[in-house]
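Here the structure comes first, spelled out in structure tokens, and everything after it is commentary.
All of the numbers you see were taken from the coordinates with simple rules; none came from a lab. Everything numeric in this text was worked out from a predicted model, so none of it was measured. Counting neighbours? That spans all protein chains shown, and the Cβs are built from the backbone with ideal geometry, glycine included.
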Amino acid sequence: MAKIKIIGVENDGCLSFGSRVVNAVFESQVLVGGERALSFFPGYEGKKILIKAGKIDEVVDQLMMFHYEYNVVVLASGDPLFFGIGSLLLKKIGAQSAKYLEFYPAASAVQWAFAKIGVSWDDACFISLHGRGEGRQELFGLITKLRYSSKMAILTDAKNSPMKIAQYLLQYGENDLYWHCFVCTDLLGTQESVEEVSIDYLGGLDGETHSSNIYPNLLKIMVLLRKDSAGSTLRPILDTPAEEHFQKKSQGADQCGEQSGGHANGLITKREVRAISLAQMQISPAGVYWDIGTGSGAMAIDIAKIAWQGSVYTIDCDKECCAFARNNTLRHRVDNIVINNGHAPKDLFHWPTPEAIFIGVSV
């Protein structure tokens with residue numbers, strides 16, 4: 001039983017193949033890949049399996065069946081272990097992966113993007129929206145990750161396009177004042193282009209005319225570089241803003257039929273209480289947390305800044321408080337918070353299991 005060989009393919013196809021790759025392909029009986037990758041081997045005499053959008057899990061199951069009898073080669077884009085099919089295979093096989101899989105990586109599109117703009121990438125943050133569906137939830141957490149990044153590369157697609165991402169950035173005030181933006185299209189391909197573009201322009205009404213919207217099915221890498229003129233020092237992990245930096249509901253009866261808990265400044269957890277509570281909750285960067293009775297969202301926002309790779313689920317029975325909380329997430333540039341209008345505990349049962357819970361006033 002031979003190992004499954006997962007071979008990285010660059011966008012210029014055969015020009016980048018070495019003898020090891022060519023020999024592995026022609027010694028195989030089954031060749032798996034996307035339409036473009038398979039087209040690089042038109043004379044292949046074995047069985048070809050096309051990877052279709054949304055069907056990768058089915059293909060992985062086929063691979064596991066075929067490799068007991070045949071030599072199987074999988075053609076992947078760039079580095080198979082960088083947001084690629086290689087990661088899916090590792091998850092599928094688990095601890096025995098080294099026994100069944102052999103990887104031949106090529107340079108990824110992200111590596112080429114940084115090379116083309118002449119910037120090192122060893123300290124960059126990477127996000128893939130390629131083939132991840134469409135909607136605000138696909139961009140969830142992008143803004144919060146930007147708080148702690150001086151460089152970010154985003155793999156886009158036709159649904160999550162550079163224009164859509166630019167529009168999302170502008171909602172949170174992430175604009176040309178803070179970032180250089182590059183759009184790198186079809187790198188090493190026939191339609192290659194590398195262009196520095198204004199986020200304000202790309203996300204505005206004129207953004208539809210930008211060249212990044214031409215050939216929507218070509219892979220585009222969006223690279224964001226923080227500007228020194230904006231103060232390149234990254235934001236502190238926890239700054240615990242004072243009460244006046246939040247929009248909040250005034251003191252008085254709320255929509256839950258309760259008083260605002262005696263807060264002279266409205267429905268907000270005081271700065272000192274938040275600081276102590278955050279220490280007690282022992283928040284981790286990738287954790288899941290609940291804020292029950294979120295009020296202005298101040299506590300949830302502080303949690304989200306620390307759990308910048310995780311998520312915070314909040315609830316409040318007062319619709320006006322929920323509206324204030326949403327506005328505050330925009331003002332404080334965090335987007336890894338899910339805000340719900342409802343009542344505890346009956347509206348919490350579908351939430352993911354938290355590592356810690358903070359309970360406020362309006363539940």
> Which order do 322, 14 fall in if you start with the one that has the fewest other Cβ atoms within 10 Å?
Replying inline: 14, 322
>> Taking the number of other C-beta atoms within 10 Å as the exposure measure, put 73, 22 in order starting with the fewest.
In response: 22, 73
> Points 7 angstrom from Cα along the Cβ direction at residue 201 and residue 92: gap in nanometres?
Replying inline: 4.4
> Taking K and R as +1 and D and E as -1, what net charge do the other residues with C-beta under 11 Å from the C-beta of residue 101 add up to?
Replying inline: +3
> Average projected area of the Cα convex hull of region 1-59, in nm²?
Replying inline: 4.5
> What are the ³J(HN,Hα) values, in whole Hz, obtained from phi via the Karplus relation 6.51 cos²θ - 1.76 cosθ + 1.60 with θ = phi - 60°, for each residue of region 140-152 in sequence order, with x given for Gly and Pro?
Replying inline: 3, x, 4, 5, 5, 4, 4, 4, 10, 10, 9, 9, 9
>> Can you tell me how region 4-107 classifies by the Cα gyration tensor, rounded, prolate or oblate, using a/c under 1.5 as the rounded cut?
In response: rounded
>> I'd like the distance between the alpha-carbon centres of region 114-184 and region 268-296, rounded to an integer number of Å.
In response: 28
> What percent do you get for the relative contact order of region 302-363 when only Cα pairs under 8 Å and 6+ apart count?
Replying inline: 40
